[in-house]
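Below is one structure. I have some questions about it.
Read the figures in this text as sums done on the coordinates, not as results from a lab. Keep in mind it's a predicted model, so treat the numbers as computed, not measured. Neighbour counts run over all protein chains shown; Cβ positions are idealised from the backbone, glycine included.
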2 protein chains.
Amino acid sequence: MTTNYSTPILRTLRASAFIDERITGALSAVHGVSLRDTMLMLYVKNAPGSKLSRIELAKRLCVSPSTVTRTTNPLEKIGLIGREADNRDARLSYVVLTPTGAKLLKNTEKTLEQLSGDFLTPKLTEKELLQLAQLLGKLTSDFPGNNTQA
Amino acid sequence: MTTNYSTPILRTLRASAFIDERITGALSAVHGVSLRDTMLMLYVKNAPGSKLSRIELAKRLCVSPSTVTRTTNPLEKIGLIGREADNRDARLSYVVLTPTGAKLLKNTEKTLEQLSGDFLTPKLTEKELLQLAQLLGKLTSDFPGNNTQA
DNA sequence: GCATTATACTTGCATATGAAAATACTTTAC
DNA sequence: GTAAAGTATTTTCATATGCAAGTATAATGC
């Protein structure tokens, strides 16, 4: 029998939909930010110099540039992120974390870790978790702006 | 060092977003149906008796019942799925595949398998693919309406 | 049996999203 | 140096989605 390629793909999509459904609600209820907001801020934090252009963010989040604009606007308005110009290229406007944003992100990460553990530990052993993280790491290793942490 | 639970979660979400972005376009371009349409029809096909109520579909797809209604309506209109009543419960209306729908699904599955292979094979070995499928299987094993295939 | 509660959808409304156009700036070609 | 092409971002528009309300039917309590 030959390998079935669709199965891991379909399972990934399903797991993602399930996780998204559960975690988004909890996260925004506790911290007032969505899962997307959180991932955006995580990418900014982990980027070299802790700043990212909107285009780079779009690639990392796998969403359109318009979505980045519409995600960052309210975060900027409530003071969690800021805007930084580039000296050489006036088209660029980097997203950076404000002190408030960095502080909130720290707390949000804790909640996310808690929620993730609650979801994962009943199903997988420590060893399996490590395996899964490694395999998904390989799968996403060539994604734009990949960093080991996420 | 303690286990990091967020990483596999974030990687799953990212892989899903990436896959979704790539596969949805190709799939609808070739067969005229979206990835969601395809997953819906797959769940129907694999369900006992090859029929599913809309509520059961919502659970399997991890979406709201309204989304199921709005996904099935056009599929019904173009003759890919049908509607079947329940003898004992007049509230239920099962989704079933029409012969046309079943035929289209067979072709769509082939394309999906091809696209999945193109995405996976450059990154993981056969052995790793099997491992990944197994781990994701454990992760999604207690999802409503789980079946081994997806 | 009748009223209350629960379930299976469907629809109205507000929000979220991508594609493409619009805008502003930069790079390349010559 | 100027025109053409390319890039970063925002905005417009059409579509997609969840929540909550609406409708119809079934199950439960008494």
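Report the FRET efficiency, 1/(1 + (r/R0)^6), for A:GLU21 and A:LEU92, where r is their Cβ-Cβ distance and R0 is 41 Å, rounded to 0.05.
Values: r = 35 Å, r/R0 = 0.86.
Step by step, r from the Cβ atoms, then E = 0.70.
Follow-up. What's the FRET efficiency of A:GLU126 with B:GLU126 using the Cβ-Cβ distance as r and R₀ = 35 Å, to the nearest 0.05?
0.85
From the Cα gyration tensor of the protein assembly as shown, with a ≥ b ≥ c the square roots of its eigenvalues, which class applies: rounded if a/c is under 1.5, or else prolate if a/b is larger than b/c, or else oblate? Don't skip to the end; give the middle numbers.
Details: a/c = 1.79, a/b = 1.64, b/c = 1.09.
Prolate, because a/c is 1.5 or more and a/b exceeds b/c.
Quick one: net charge around B:ARG36, please, counting Lys, Arg +1 and Asp, Glu -1 for every other residue with C-beta under 13 Å from its C-beta. Intermediate values should be presented prior to the final figure.
Working: positive: A:ARG14, B:ARG60, B:ARG70; negative: B:ASP20, B:ASP37.
Taking every other residue near B:ARG36 into account, the sum is +1.
Could you tell me whether chain A comes out rounded, prolate or oblate from its Cα gyration tensor? Rule is a ≥ b ≥ c as square roots of the eigenvalues, rounded for a/c under 1.5, then prolate if a/b exceeds b/c, otherwise oblate.
Values: a/c = 2.13, a/b = 1.52, b/c = 1.41.
Note, shape of chain A comes out prolate.
If you build a Gaussian network model of chain A, linking Cα atoms that sit under 10 Å apart, which residue out of A:LEU75, A:LEU136, A:LEU57 swings the most?
Of A:LEU75, A:LEU136, A:LEU57, the most mobile in the Gaussian network model is A:LEU136.
So the label point sits 7 Å from Cα along the Cα-to-Cβ vector; using that for A:LYS103, what distances do you get to the other copies, in nanometres, sorted shortest first?
6.6
Most mobile of A:GLY82, A:GLY49, A:GLY137 per a Gaussian network model of chain A (Cα springs, under 10 Å)?
Fluctuation is largest for A:GLY49.
Can you give the angle from 0 to 90° between the axis of helix A:99-120 and the longest principal axis of chain A, with both taken from C-alpha atoms, to the nearest 10?
So the helix axis and the longest Cα principal axis differ by about 10 degrees.
Determine the sum of side-chain charges near A:THR2: Lys and Arg each +1, Asp and Glu each -1, restricted to other residues whose C-beta is under 12 angstrom from that of A:THR2.
Numbers: positive: none; negative: B:GLU113, B:GLU126.
Value of the local net charge: -2.
Starting from a label point 7 Å past Cα on the Cβ side, list the distances from B:GLY25 to the same position in the other copies, nm, shortest first.
Going from nearest to farthest copy, the values are 3.3 nm.
In A, who owns the beta-carbon nearest the axis carrying A over to B, and how many Å from it?
Nearest to the symmetry axis by Cβ: A:SER16, 2.
Which distances in nm, rounded to one decimal and ordered from shortest, link the label point of B:GLY137 to the equivalent label points in the other identical copies, with labels set 7 Å from Cα toward Cβ?
Inter-copy label distances (nm, one decimal, shortest first): 2.4.
Could you list the residues of the range B:1-27 with an amide nitrogen less than 18 Å from a label point located 7 Å from the Cα of A:PHE143 in the Cα-to-C-beta direction?
Within reach of a label on A:PHE143, which here means backbone N under 18 Å from a point 7 Å along Cα→Cβ, the range B:1-27 contributes B:4-25.
Continuing with the same structure: Can you give the FRET efficiency to the nearest 0.05 for B:LYS103 and A:THR67, using r as the Cβ-Cβ distance and R₀ = 35 Å? Intermediate results must be reported in sequence, preceding the final value.
Details: r = 36 Å, r/R0 = 1.03.
The calculated FRET efficiency here is 0.45.
In 10 Å bins starting at 0, how do the alpha-carbon pair distances of the range B:24-104 split up by percent?
18, 56, 23, 3, 0
Per DSSP helix of 4 or more residues, -39500 (n - 2.57); summed, then divided by the residues of the protein assembly as shown. What does that give at 222 nm, rounded to the nearest 500?
-21000 deg cm²/dmol
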